[in-house]
1. Please state the relative contact order of the range 2-82 as a whole percent: Cα pairs under 8 Å, 6+ residues apart?
2. Mind running the shape call on the range 2-82? Use the C-alpha gyration tensor, a ≥ b ≥ c as the square roots of the eigenvalues: rounded below 1.5 for a/c, prolate if a/b tops b/c, oblate otherwise.
3. Going by alpha carbons, how many degrees (0 to 90, nearest 10) lie between the helix axis of 72-82 and the longest principal axis of the chain?
4. Can you show me the helix-derived [θ] at 222 nm for the chain, built from DSSP H runs with n ≥ 4 at -39,500 (n - 2.57) apiece and divided by the number of residues, rounded to the nearest 500.
5. Could you give the nm distance between label points at ALA41 and LEU78, where each point is 7 Å from its Cα heading toward the beta carbon?
6. Could you give the angle, 0 to 90 degrees to the nearest 10, between helix 34-59's Cα long axis and the longest principal axis of the Cα atoms of the chain?
7. Could you tell me how many degrees, from 0 to 90 and to the nearest 10, lie between the Cα long axis of helix 2-23 and the main elongation axis, the longest principal axis, of the Cα atoms of the chain?
8. Of ALA39, ILE83, VAL67, whose Cα points farthest to the positive end of the dipole of the chain (charges on the beta-carbon: +1 Lys, Arg; -1 Asp, Glu; origin at the Cα centre)?
Amino acid sequence: MIVAALVDLALAALLVGVSGFLFGSGPESMHGGPFFMAAYAAAIIVCVVAPVAGFRLKARGKARLGVALAYMPPVGALAAFVIRPPY
């Protein structure tokens, strides 16, 4: 669970660090729209909330479900790399 929490928080830090390239006003920015910004914010929130929920489930005796929940954001990030781009 601790490793999952560290991976989730590292993923959230990476998302925050890269956000300037997606939503910034500079020439390197993609100038992401409001829907993309909302989805991006939701991804960051999920990365922070998933380990907390995992620890709570583990404390209630549902350790397997808690570990699976805590590892969902990194697995989702890895699955995003498998999806082919639309262009």
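1. Relative contact order for the range 2-82 comes out at 31 percent.
2. Taking the square roots of the gyration eigenvalues as a ≥ b ≥ c, the range 2-82 is prolate.
3. 40 degrees
4. -26000 deg cm²/dmol
5. 3.0 nm
6. It works out to around 10 degrees.
7. The helix 2-23 is inclined about 10 degrees to the chain.
8. Projecting each Cα onto the dipole axis, the largest value belongs to VAL67.
Here, each number is a calculation from the coordinates, and none is a lab measurement. Just so it is clear, the model here is predicted, and its values are computed rather than measured. All Cβ positions, even for glycine, are placed from backbone atoms using ideal geometry, and neighbour counts span all protein chains on display.
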